[in-house]
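The values are calculated or read from the model by the stated rules, or taken from the named source; none is laboratory data. Nothing here was measured: the structure is a model prediction, and the numbers come from that model. Every residue, glycine among them, receives a Cβ derived from its backbone with ideal geometry; neighbour counts consider all protein chains shown. Quick note on the areas: whole protein, heavy atoms, side chains included, nothing else; ligands and nucleic acids left out. Shrake-Rupley method; radii C 1.70, N 1.55, O 1.52, S 1.80 Å.
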Amino acid sequence: DDEKDDEKDDEKDDEKDDEKDDESNEDHEDKEDTDSDWDMMAKMLPTMAKYECEEGYIMQRTTRKEDMGNMGWCRTDGSYEIPYCVSMNNYTGLNFTLDNGSDKKFADKSGRPLAGIVSVMSVDAYGNSLSSNTWQLVCNDGSNDFAAGAICRSLGFNHGERMQPTKKMSKPSNNDKDSSNNDKDSSNSDKESSEGGNESGEGEEKPVEDGKINWGWTNFSCDYDDTLPLSSSCRATRYEDAKEEMGVTATCFDFDKMAIRCFENYFDVKVNVRAKGKKIFCDVKASKGSNRVGLEEFSVRFLLDGEYLEIEQESIRRNKNRGFATPYDLKSADYSCVSCELYMDEAFVGESERCKKEN
């Protein structure tokens with residue numbers, strides 16, 4: 001009898017287990033059906049929509065693309081960008097410029113800067129300056145590469161990244177010197193204007209005058225690498241407000257000037273200069289995403305202590321997978337550092353420098 005009772009109990013337990021398994025399978029199937037329904041709905045939902053402003057308002061765009069400037073759109077991670085409308089009387093825009101100084105390697109064929117120290121000007125809906133000092137510098141504290149990309153997109157590029165300002169960026173270009181000389185001579189000539197000016201407009205004050213820096217913004221950062229500076233995904237603090245809130249810890253110095261490099265196509269480039277025997281090598285590895293980029297479109301220039309070597313391009317040997325090499329006897333040269341600069345379509349891409357070890 002005991003054995004029969006045990007068998008009955010085992011049968012009941014098995015039945016219960018089977019029931020639980022069936023319920024679990026049904027729940028799993030229901031969940032799969034629900035997920036499938038949600039996936040189908042997600043595909044049917046719009047991923048972008050067009051926005052319009054009422055009369056008397058102006059749209060604050062979030063992307064530089066002309067055909068999408070008035071569009072709100074969703075990212076694959078569920079975040080979104082929505083342009084917003086601001087009253088014409090309350091509108092504040094930001095104009096940016098890049099000052100590459102006398103560093104002409106950061107300019108394209110037309111002279112447009114591809115990198116430089118960032119200046120910003122607050123403007124109204126009609127493009128008029130809202131600041132008495134006009135142009136102001138951006139402090140690098142709290143910034144990130146996404147913010148650099150946002151600034152670059154406002155200037156017509158696709159991507160950007162932060163960089164250390166070069167020494168030449170802080171030096172005036174020959175055009176600036178000529179402009180200064182023209183301003184001095186203008187009082188003696190009826191053919192020249194009596195007002196100084198720059199590329200951003202005549203009579204506008206510069207962000208650095210007599211060594212004094214006029215700071216505008218600090219802690220400028222963005223959450224995504226696809227927006228413009230006034231997107232809700234970006235944030236910044238007025239320098240005066242940061243000083244008032246944080247005191248001396250918010251102070252920015254000359255070495256805190258924000259400098260960025262802008263480019264159209266994002267790819268990773270690594271440059272390494274080295275010398276062996278009577279040759280100088282500029283090793284280059286370039287990739288875009290997971291794809292290796294050949295070096296056919298690149299060119300190189302070699303330097304000793306910052307001065308370009310007079311080398312015929314024909315004598316520079318190119319290995320499309322490794323880099324460049326040129327004959328040069330460094331053993332007989334008096335120098336401290338050797339470097340190479342990499343260019344693509346005459347636009348500066350990267351550089352490497354190697355210096356002798358000090359005794």
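Test Ser122 against the criterion of being polar (S, T, N, Q), farther than 28 Å from Ser233 by Cβ and at pLDDT 80 or above, and give yes or no. When the stated conditions are applied, Ser122 does not pass them.
Of all the listed residues (Tyr80, Tyr51), the sole one being open to solvent by 30 Å² or more (accessible area, probe 1.4 Å), modelled with pLDDT of 85 or more, under 16 Å from Tyr224 (Cα atoms) and aromatic (Phe, Trp, Tyr) is Tyr80. Only a single criterion out of (1) within 22 Å of Met121 (Cβ to Cβ); (2) at pLDDT 80 or above; (3) open to solvent by 40 Å² or more (accessible area, probe 1.4 Å) is not satisfied by Ser87, namely (3). From the list Asp183, Asp210, Asp223, the one residue that fits, being open to solvent by 80 Å² or more (accessible area, probe 1.4 Å) and either modelled with pLDDT of 60 or more or over 30 Å from Thr63 (Cβ atoms) (or both), is Asp210.
Any residue at all in region 276-284 that's of a type in the set (A, V, I, L, M), surrounded by 12 or more Cβ atoms within 10 Å (Cβ to Cβ), assigned to a loop (DSSP other than H, G, I, E, B) and touching a residue at least 12 places away in the same chain (Cβ under 8 Å)?
no
For region 120-133, does any single residue satisfy the condition of being under 14 Å from the mean Cα position of the chain (by Cα) and open to solvent by 10 Å² or more (accessible area, probe 1.4 Å)? Taking every residue of region 120-133 in turn, none turns out to be under 14 Å from the mean Cα position of the chain (by Cα) and open to solvent by 10 Å² or more (accessible area, probe 1.4 Å). One residue stands out among those in region 90-119 that are among the β-branched types (Val, Ile, Thr) and touching a residue at least 40 places away in the same chain (Cβ under 8 Å): the one that is surrounded by the most Cβ atoms within 10 Å (Cβ to Cβ), which is Val118.
Within the option set Arg301, Arg318, being in a strand (DSSP E or B), open to solvent by 100 Å² or more (accessible area, probe 1.4 Å) and in contact with a helix residue (DSSP H, G or I) (Cβ under 9 Å, 6 or more places away or on another chain) holds for one residue only, Arg301. Summed over region 240-275, residues that are surrounded by 14 or more Cβ atoms within 10 Å (Cβ to Cβ) and in a loop (DSSP other than H, G, I, E, B) total 4. Against the definition (closer than 14 Å to Arg301 by Cα and surrounded by 17 or more Cβ atoms within 10 Å (Cβ to Cβ)), how does Ser339 come out, yes or no? Criteria met by Ser339.
Listed by position, the strands (runs of 3 or more DSSP E) contained in region 69-176 that have at least 1 residues being touching a helix residue (DSSP H, G or I) at 6+ places or on another chain (Cβ under 9 Å) and of a type in the set (A, V, I, L, M) are 93-99, 115-123, 136-138, 159-163.
Kindly evaluate Ser232 against the criterion of being among the hydroxyl-bearing types (Ser, Thr, Tyr) and outside any strand (DSSP E or B).
Working: among the hydroxyl-bearing types (Ser, Thr, Tyr): yes; outside any strand (DSSP E or B): yes.
Considered against the rule, which asks whether it is among the hydroxyl-bearing types (Ser, Thr, Tyr) and outside any strand (DSSP E or B), Ser232 comes out as yes.
If the condition is being farther than 15 Å from Glu353 by Cα and small (Gly, Ala, Ser), then region 291-320 contributes Gly294, Ser299, Ser315.
Of all residues in region 321-334, those being more than 18 Å from Glu353 (Cα to Cα) and open to solvent by less than 40 Å² (accessible area, probe 1.4 Å) number 0.
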